[in-house]
Every structure is written in C-alpha cells, then in structure tokens.
Amino acid sequence: MQIPIEHMLISYLMKFFSLCLFCFFGFAVSLSAQDNRVRPKIGLTLSGGGAKGLAHIGILKAIDSAGLKIDYITGTSMGAIVGALYASGYSGNDIEKLRKNIDFDVLFSNNVPLKTLSMEEKSQYSRFAIELPFINNKIRLTTGVISGQELNMKFSELFFHVYDVHDFNQFKIPFKCMATDLETGDLVVMDTGNIITALRATMAIPSVFSAITRNNQKLVDGGLVRNFPVKNVKEMGADIVIGSNVTSGLSKIDKIKNPVDVLLQLAFFREAGDFKEELPLTDIYIHLPLENYNTASFGSSKEIMQIGLETGRLYYPIFKKLADSINAIAPTTAKPENEFDNKSVFITEYVVRGLRKTTVPFFIHLMNFYDYKKYTAAQINKNIRRAYGSRYYNSIGYSLDPVSKDTARIIFTVEENPNTYLKAGLYYTRFRGINVNLNITSRDFIIPNSRSMVSLSVGESTQIEVEHFQYLGRIKNVAFIAGFRLDNQTISTYQNFSLDGAYKQNFSQGFINFQNSGNNKVAAGIGTAFEYINFSPSIRSVTETKGRFTDVKSYVYLKFDNVNQIFFPSRGLKINMELAHVYNQKPNLTLFKDGLPVIPSNLNFNNYSRLALDACLFVPINKSFTFLSDFQAGINFTNDPNPLNNFLIGGLNGNFRNQVRFAGFQEATVNSSSVAALQLGLRFNPANNIYITGRANALIKDFATNNNATSGFDGLTGYALTFAYKTPIGPVELSAMYSDQSKKVQSYILVGIPF
C-alpha cells in the first residue's frame, strides 16, 4: 500500500525533527548519566478510535524492533485494548497475529455465531427477519445495543494468563485505562479489578454497546472525557511520553450530515478541550493519517494496519536512538515469554449469579461443566458456548477468584433471554407466491426444560409447523420431539418440460422423534410419522389424480452442520439424511385420463423403503470466491410404480415434500422414483452484501428399479446464473436458468426468507 504524497512530505519533516530529538534526548540522557545515572521512565499513551486503533499495533512493532522498553501504558477504548495486551505480555507481533484471526463482524455484533448454536436452534435461526421479545403480555422493541457475548469470551481467552492479577500495576508493564461515569459524566481511571470488565467499560460507546456496571457505577466509553490520557501516564511516573493518536478531533461542518453525526459531535466536545491540555505533555507525538477511515472501518483492518506499520517505520529511528541512549545508562533485560495458550486453572467451586427463570443445575448441566477439574480458557468458553447456543441466555460471562496458585473458583454472571419471542418475515417465489411468515416461540411454556413453537405462513400458499422440543438427560443432549406440519400448495405438472396442468396438494404430518446431539454439529435420531396427502385438480391436464391416501413412516435420520453462516456461507458442510420405511398405506384415489376415470388405476401402495440425502459443501478459495457443491439423492426401493410418492425435480430454493433442487427447471418439472444429482458452483462476492453465483448440475434418474412411471434411465443437465443482494428482510435473488433438455431459458426469483 502506498502512503499519500502529503504523508510523505510529513515524513521528511519528521526526519528533520528527529535529528533535533536525537540531540535533545542525547543531551538529556547525558545529563542524567552525569548526575546519578537514573534510567528515565518511558510512558506510552494510545488513543481511542475504534477500528482506527488497530494502527497502534504498527507503532508497538516499531518500539519492539528498536528494543525500547516501555515502563507505563495508558489507553482509552481500542487504545486500551491494544495497550492492555501489550502490558500483559503480548508483543507487537503477537497482537498483529491476533488481529488476523479475529472476525470483527462477529465480535462487534449481537449476531450469534452459527457454530455456537445447538442443532435444533440452527434450523430456526434467521428464518424470520423480525424477532421481538414478549414480556409481561407486551411486545418489547429491541434496543439494538450490543451485549458483547463474543467480546467477553474473546477477552477471557486473551487475558486468561493474568486472571489472578487484580492490580494492573502488577502487569509486566503497569497499565491504566479510562472510562466515563454515565451518571455524573466524570472521568473514571481504572487500574484495579477485573481487566475484562475494565476493557468492556472503556470501549462501551453509548447507544452501541451496553453500559458496564463496575463498583456500583454505570460506565461508558472513556473517550467522551479523555481519549488521549497523557496526564495519567505522567502521573504514573513517566519522564518521557510517546503518544500515538489515531483520531482527527471534531468533525468538520461538511462532515456532519445527520442527527447521529450531530450527537457524536456534541458528545466529544468535552474531550476536544481535554486533548488541548494533553498534547503539550507529549514528548514524541505520533499522529496516524487515518482521515479516510472511521471507528467502524473494521472491514479495512488490513489497510489500517498497513498505515500503522508504515508510520512505525518512519518513527523507528527515533525509537532506536532513544533506546540506545537509555540502554547506555541501564541495559534493558529481555521480557520473559508468556505461555498464553497452555495456561490452565484448577476449578474448586462454581457460583452462578443472575438466574431467575432457569435453575443452577440446568445451567451447569447444559454447559456440561464440572468442578474439581482443570480448565483452559478455550475449554471454559466451549462450555459457555454450549449453554449460550440453547438461546436460553442473552449473555454469559465469568471471572476467576484465585484460591491459591493455579487454583480458583469460577463465578458465572448470566443474563437470561425472555422466554417468549414473536417473529415475522415476508417472502416471494413464483412457486409459493407472496406469503407472510409468523412465529411464536416459548421456552418452558408447558413444562421445564423445553421449547415450544408455532409457525404459520399465510398468503398464496399455507404452511403450519407446530413443535414441542423436550430436553432430557444431564447435559440435555437427548430430546423428545413431537410436532405437526401442514403444507397446502398448488403444484404445476409438466409433459416433456412444458406446462401441462396443476393440482392442489394438501400434505400434513404428525411425528414423534427421539434425538441425540452430542455437540453443536451432529444430531441423530429415530422417529415415526403419520402422513395424510390429498390431491385435487386445479388446472385440467391429460392425466389427473383426485382423492387422498395415508401412510405411516418410521425412520432414522442424521444431521451434520458446521457451515459458518445461514445466508451465503463460505465455509463448512451441511448434511441431511433420512432412511425410512413407509407402510400401512391406505389409498382412496381416482386416476383420470382425458377426464375419464381409469380403473384399475395401476397405482401401487405396497410397503417400501426410501432414502433421501442432501449434502452441501462450501470451500473458500479466497476472500471473494467460494466453491459450492451440492449432492442430492432420492431413492424409492420398490419396483411398484407410484408417481404420487416419487421425487419432484426442480427449483433453486425451498423445501417441500420429496423435492430435489435442480438448476434449469422450475419446481416439480420432472417426476422420478430414483434420483442422484450433483451440482457444482462458484460464488463471487465483489462487495458487501452482493453475491454472483454460477451453477452447473447434472442428474441421473430412474436407475434403481426395473419398472417406472417414467420412460427409463435418463440424464439431465442444467445451469443457472444468480445475482443476489442480502437485505434486512433476507436475500433477494434473481436467476436465469437453462437446461440442455428443455432448450429453454427461464427466470427464477426469490425475495425474503422461505418458510
């Protein structure tokens, strides 16, 4: 990355001033050596600035390269986070590596990482665009304030090696950070207590992050009062102060364009005055040229880091000269390496605070947590994620209270979610038409340790889903599931890939399952369902079926899901497989041909077994490209013809009875008793929320039996090109499809989130 011309001019001026600084520091150190040879203390102050604060890492790397020992550190907001890491033992290189491995979109949001959710919650998460809590018989609006669950857990891992240090002066480098008292507006200087609580407070931007309670005070971002705390590092004993600033002061009038900008400008008036007092106390002032970025520019973290590295290189000669001069008085000993990854603590006892609706045993068992056992930070967070993934809890944090060396009791602080949520969404496809999705989900509504829900889709088609999920076992990994599904829709029929007619299908199913999900990736179960299917002609065709039949289906199923996000995943594997035996079929049907009943109908309803498999793979190629693969198979293990139980081929999205998705055809274009389809694709993400996907697929059908309702073994090929935009109500997708067999170009549209 190249630095702009004006910044290069600044660098030349800096080199000139650096010669003056060399002389100044050389003279100062010489006098000090002649007097009493007392080593001068170096203080470092890092300003707040959100994403821009990542540039401080480049300054730290330059300080490390120069061999300059820092004696005191102060910081605010992101500057405090970077400073605390450095003070607790991380090097500049260590912090840079940490930055590369952090997903800021997850860290600074209320979105629940998909890998955290339990298997039963993954199928429901993000199905509805709006989720509102229902409390005391009233609908409450969400605040939009970030609770910071992932932030808490990340900080817990990063600072686990200093869990027993409650005096920040005992860090490898003494440290202080700034916060603002929400009630009085006064500055709060934090140098004792829990480092994670302190860091959460110093970065709690009002209206973005929730305020942090500490020592009976509600604390928010220290940048409102003191964003560049040089006075504090001087008070700690610094003789020479290095100040790294990533902010540009108050916004110019032409940059204030909306009410939010006005509020932020007003909020930082006081800090702007304080900065004028702090700046003259700085001996080496570093202003990083980040005017083109803002506090939320985490998507540009690489570019911000590069500016920090380039600026650090410009200041390296100054740091090196200062280090050499100081080391001539008193050589600096190398800092011992920290063991960040292998630190473990023996937990003797647990305490849980904040529970009102769930019980301590339920919470501890849901985490699968045991006392009198050694834990690393990663292991504790794994346990926390297991409970958090149940969606019973809005936030789960912890602190460690030292008992003796490497031994502590753990104190969990929990905030529960409301028991009941109302959800809503909207979607459109040509197959389903326009529909509104509604849902009510309640936990522990009928009996404890349960989740009950009712979902309804109304519009041009009707779908209903009712489910009760009952947790069983100590760690709640076993479940009893009872439910009901209904799907009323109109399905078009085709002859030789041309529209022939349409019929209404009323499909309903009642089911009972027993499921085991040992972790958040895999679930396996057995179940039995009673099914009712009713057919009636909607648009006359050559061949029609009218009437109904029922059956019983017993099955085993396996689910695997470790994809990284619901919409447009870029990594992971998702598998749904069901092996079933269908029996006790009771038909009451009439087959019509050219409007006349066919007797006998030649439809056979003997018992048979069936396999349904859907496996999707997502592999990232680079930041912008993702490889997609989808293998589907559906086989009815019977030689008896019955197109009413066959698989229906076509469509890019959705899910209805016996569907096999296929790029090139609309839903239910082809009917077959056995199908194996492979789809390959490439997705391009040129900008935020924009996706372009190319797909090619091929299938073989009618390969598993000797007698089929269709014309025998056959193959099909098709293609699709999709432009998609991710909106707050869900994806909007516009596709063009083509099949080599139909010789037709067709359009396909999806708006919103299908039921």
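Can you pull the one-decimal nm distance between simple spin-label points at residue 454 and residue 690, each 7 Å off the Cα toward Cβ?
For residue 454 paired with residue 690, the spin-label model returns 4.4 nm.
Where a Cα-Cα gap under 18 Å defines reach, which aspartates and glutamates qualify for residue 701, not counting those fewer than 8 residues away within the same chain?
614, 630, 640, 667, 714, 740
Using per-residue counts of other Cβ atoms within 10 Å, averaged over each peptide, order 192-198, 537-543, 429-435 from highest down. Don't jump to the answer; show the numbers that get you there.
Working: 192-198: 20.7, 537-543: 14.9, 429-435: 18.7.
Packing order, densest peptide first, comes out as 192-198, 429-435, 537-543.
May I ask you to compute the full-extension gain from residue 313 to residue 521, defined as 0.36 nm times their residue separation minus their alpha-carbon distance, rounded to one decimal in nm?
Numbers: separation 208, 0.36 × 208 = 74.88 nm, distance 4.55 nm.
Working it through step by step, the gained length comes to 70.3 nm.
Relative to the longest principal axis of the C-alpha atoms of the chain, give the angle of the C-alpha long axis of helix 149-158, reported between 0 and 90° and rounded to the nearest 10°.
Helix 149-158 sits at roughly 50 degrees to that axis.
Hey, what angle do you get for helix 56-66 against the long axis of the chain, alpha-carbon based, 0 to 90 degrees rounded to 10?
50
Under a Cβ-Cβ cut-off of 12 Å, what is the net charge of the residues other than residue 440 that fall near it, where Lys and Arg count +1 and Asp and Glu count -1? Write down the numbers at each step before the final one.
Working: positive: 423, 443, 451; negative: 131, 465, 467.
Residues near residue 440 contribute 0 overall.
For region 554-699, what does the relative contact order come out to in percent, with C-alpha contacts under 8 Å and a separation of six or more? Provide the component values of the computation, followed by the final result.
Numbers: 322 pairs, mean separation 25.8, N = 146.
This gives 18 percent for region 554-699.
Can you tell me which aspartates and glutamates have their Cα less than 17 Å from the Cα of residue 357? Leave out same-chain residues fewer than eight positions away.
Those aspartates and glutamates meeting the cut-off are 415, 416, 444.
Could you report region 128-199's accessible area per residue, 1.4 Å probe, as an integer in Å²? Please list the in-between numbers first.
On the way: 3180 Å² over 72 residues.
It amounts to 44 Å² per residue over region 128-199.
Report which label in [x] 50, 38, 23; [y] 61, 29, 22; [z] 48, 33, 27 holds the value of semi-axes √(5λ) of the Cα gyration tensor in Å derived from the coordinates of this structure.
[y]
On a 0 to 90° scale, report how tilted helix 78-87 is relative to the longest principal axis of the chain, with both axes built from alpha carbons and the result rounded to the nearest 10.
Tilt of helix 78-87: around 70 degrees.
Between residue 738 and residue 213, take the C-beta separation as r, use R0 = 60 Å, and let me know the FRET efficiency to the nearest 0.05. Mind showing how you got there, number by number?
Details: r = 60 Å, r/R0 = 1.00.
Using R0 = 60 Å, I get an efficiency of 0.50.
How many lysine pairs in region 506-622, separated by 8 or more positions in sequence or lying on different chains, have Cα atoms less than 15 Å apart?
Values: 521/559; 521/574; 546/586; 546/593; 553/586; 559/574.
For region 506-622, qualifying lysine pairs total 6.
Sorted by mean Cβ packing within 10 Å, highest first, what order do the peptides 116-127, 494-505 take?
On the way: 116-127: 19.6, 494-505: 14.8.
Packing proxy ranking, top to bottom: 116-127, 494-505.
Is it possible to state the helix-based mean residue ellipticity at 222 nm for the chain, with each DSSP H run of 4+ residues giving -39500 (n - 2.57), the sum divided by total residues, to the nearest 500 deg cm²/dmol? What is it?
On the way: 14 runs with 162 residues, N = 755.
Helix-only estimate at 222 nm: -6500 deg cm²/dmol.
Roll a 1.4 angstrom probe over the protein heavy atoms and tell me the percent of accessible area of the chain that is carbon or sulfur.
On the way: 19630 of 34550 Å².
Roughly 57 percent, rounded to a whole number.
What does the accessible area of residue 157 come to, in Å² to the nearest 10, when a probe of 1.4 Å is used?
60
The values are calculated or read from the model by the stated rules, or taken from the named source; none is laboratory data. Remember, it's a predicted structure, so these values are computed and weren't measured experimentally. Note that we place each Cβ from the backbone using ideal geometry, even for glycine, and neighbour counts take in every protein chain shown. Just the protein is used for accessible areas: all its heavy atoms, side chains included, with ligands, DNA and RNA removed. Shrake-Rupley method; radii C 1.70, N 1.55, O 1.52, S 1.80 Å.
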